[in-house]
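These notes are about the structure you will find just below.
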Amino acid sequence: MYQGLTHGAYSAIHAHGTTEQKAKFLPKMVSCEWTGTMNLTESHCGTDLGLMRTKADPQNDGSYKITGEKIFISAGDHDLSQNTIHLVLAKIAGGPQGIKGVSLFIVPKYIVNDDETLGAANGVSVGSIEEKMGIHANSTCVMNFDNSTGYLLGQEHKGMRAMFTMMNEARIGVGMQGLAQAEAAYQNAVIYAKDRLQGRDVTGAKNPDGAADPIIVHADVRRNLMDQKSFVEGGRAFLLWSSKLIDQVHREGDKDADGLVSLMTPVVKGFLTDKGFEMTVQAQQVFGGHGYIEEHGMSQFVRDARITQIYEGANGVQALDLVGRKLALDGGKHMMAFFEIVKDFIKENTGNEALRTDFLEPLKHASKDLQAAAMYFMQNGMKNPNNALAGSYDFMHLFGHTCLGLMWARMAKASYAALEAETSDAAFYETKLATGRYYMARQLPATGMHLARIQSGADTVMALNSEAF
Ligand SMILES: Cc1cc2nc3c(=O)[nH]c(=O)nc-3n(C[C@H](O)[C@H](O)[C@H](O)COP(=O)(O)OP(=O)(O)OC[C@H]3O[C@@H](n4cnc5c(N)ncnc54)[C@H](O)[C@@H]3O)c2cc1C
């Protein structure tokens, strides 16, 4: 997290900073001598950043004096680096109301002199360190800015635009964090399932000389492990695909890839972290009661993964971003591009009989569910916006499953090709195919449930008055 935040702050300065700002701050962030943070949240303002109270007063020398309190600031203060470069959202007096009046500032913990040596402390202090459920190795701080010197990053009142450079990157990073927690928990669960002896295989003892068979023989333990394995491998492919698209944007200025990444970012963040957390719980379940005892370390995965669903924009808000903004972005062009990718893949490979039944048909089904959901929003969202918002969470999951379905179909194609070419690693590709078949048969059908929920609209969701709760 420390370096992840530094990377994000680096990217925002790199994209929006002046030549002087880049020269002054970036080299030492790259060398990790200085770290970075992002300061958005205040006690009364999280999702709704327009409510922000932190103030920025313009000074004659072009700098600003920043005053206010931020909470929950990851890596807010620590002794891992010589200086901390805080990126702070604040409002310049007299600017527009709400979110349109928010600007972004570079506020170093220590003033950086012109010769790049460190100067005086900059009025940045820690109010307290948050006591958290997990991620205890990160110093999450209440940060006080008391007339601290800040330098405008980007344009006045366009702070959210600049901050989104950091936030979009961080959202992909958090998606990866959720997936990585699931992967680590899964690896532990596999070791335990092979080692723990309980009960006998119903089809005949597998460890006749032992007191019992290892629990990995039991179908229900297999179901649990296959859920985890098929998610982490599909999710890893999805992240790699997204990362490749980001490279295409950075290196080739590929506008189509940019649109697709923008569309899929809330899915990477929301879907991978929801499922990632769910998988850490499933991995803990493999340990039975021992999973609940701290000695085995499984509860730490659960505690650490939980935050990924909350920070960097709570997952419900990711779903709103997806349905409320991204779906219709540029006239729905990017969503259509996704459907085309799926359609083209299916069309190009229908001649492949083995791929067709186990992979292409389930993928086609999932993609149709996704299209039907998008169509439902188009036809019913205008009548009542809650028809779209009440289905947004399900849409994010429907989309996530379809993405993983596409990833598994692509991996299956590569596996069949490798096996046909008589690869020396046949076992690897056979395992890939079996894992993919599991995902298509046991996970992907969730798209039907999500579609049914979406099509039921907002009526049942909104039926009660607040008093009835
Ligand atoms: C450990 C940790 C580290 C963090 N690190 C940072 C950091 O480095 N920098 C930083 O600035 N912040 C950080 N945060 C803050 C984090 O990003 C926020 O907690 C998060 O964005 C949610 O804001 P909130 O807590 O105020 O919840 P609220 O905005 O009050 O939301 C509460 C609930 O209501 C829902 N909700 C809110 N508005 C809507 C809406 N319009 N429609 C539907 N549902 C809605 C949300 O989904 C959520 O479930 C951190 C938080 C934690 C716990």
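With bins 20 Å wide starting at 0, give me the P(r) of the chain over every alpha carbon pair, in whole percents.
Computed distribution, short to long bins: 21, 50, 26, 3, 0.
Taking Cα atoms of the stretch 331-462, Rg/Rh with Kirkwood Rh, to two decimals?
Using Cα coordinates only, the ratio equals 1.08.
Counting other Cβ atoms within 10 Å, which GluC sites (Glu not before Pro) in the stretch 384-469 have at most 15 and lie in a DSSP loop?
Taking the stretch 384-469 and a limit of 15 other Cβ atoms within 10 Å, the loop GluC sites (Glu not before Pro) found are 422.
Counting other C-beta atoms within 10 Å, and keeping those with at most 15, which DSSP coil trypsin sites (Lys or Arg not before Pro) do you find in the stretch 235-265?
Hits after loop and neighbour filter: nothing returned.
Taking the stretch 133-182, which trypsin sites (Lys or Arg not before Pro) meet the DSSP loop condition and have no more than 16 other C-beta atoms within 10 Å?
Within the stretch 133-182, the qualifying trypsin sites (Lys or Arg not before Pro) (loop, at most 16 other Cβ atoms within 10 Å) are 158.
How do 164, 72 rank when sorted from fewest to most other Cβ atoms within 10 Å of their own Cβ?
With the fewest neighbours first, 164, 72 line up as 164, 72.
How much of the DSSP bridge set in the chain is antiparallel, in percent, rounded to the nearest 5?
80
So how do 263-271, 226-234, 293-301, 186-194 stack up, highest first, on mean other-Cβ count within 10 Å?
263-271, 226-234, 186-194, 293-301
Mean residue ellipticity at 222 nm from the helices of the chain, using -39,500 (n - 2.57) per DSSP H segment of n ≥ 4 over the full residue count, to the nearest 500 deg cm²/dmol?
-17500 deg cm²/dmol
Taking only the alpha-carbon positions of the stretch 362-408 and ignoring solvent, what does the Debye formula give for the base-10 log of I(q)/I(0) at q = 0.13, 0.14 Å⁻¹?
-0.30, -0.34
Once the Cα gyration tensor of the stretch 163-313 is diagonalised, what are the square roots of 5 times its eigenvalues, in whole Å and ordered largest first, as equivalent ellipsoid semi-axes?
Taking √(5λ) for each eigenvalue gives 38, 16, 9 Å, largest first.
To the nearest 20 debye, what is the magnitude of the charge dipole of the stretch 163-313 about its Cα centre, counting +1 on the Cβ of each Lys and Arg and -1 on the Cβ of each Asp and Glu?
The dipole magnitude comes to about 200 debye.
So what's the angle, to the nearest 10 degrees on a 0 to 90 scale, between helix 392-420 and the longest Cα principal axis of the chain?
Taking the Cα atoms of the chain, the angle to 392-420 is about 60 degrees.
Using only Cα atoms, what Kirkwood radius does the stretch 305-403 have, in angstroms?
Every distinct Cα pair counted, the radius reaches 14.8 Å.
If you place +1 on the Cβ of every Lys and Arg and -1 on the Cβ of every Asp and Glu, how big does the dipole about the Cα centre of the chain come out, in debye to the nearest 20?
900
Since every read-out is calculated from the coordinates, none of them should be taken as a lab result. Fair warning: this is a prediction, and the values are worked out from it, not measured in the lab. Cβ sites come from the backbone with ideal geometry, for glycine too, and all protein chains shown count toward neighbours.
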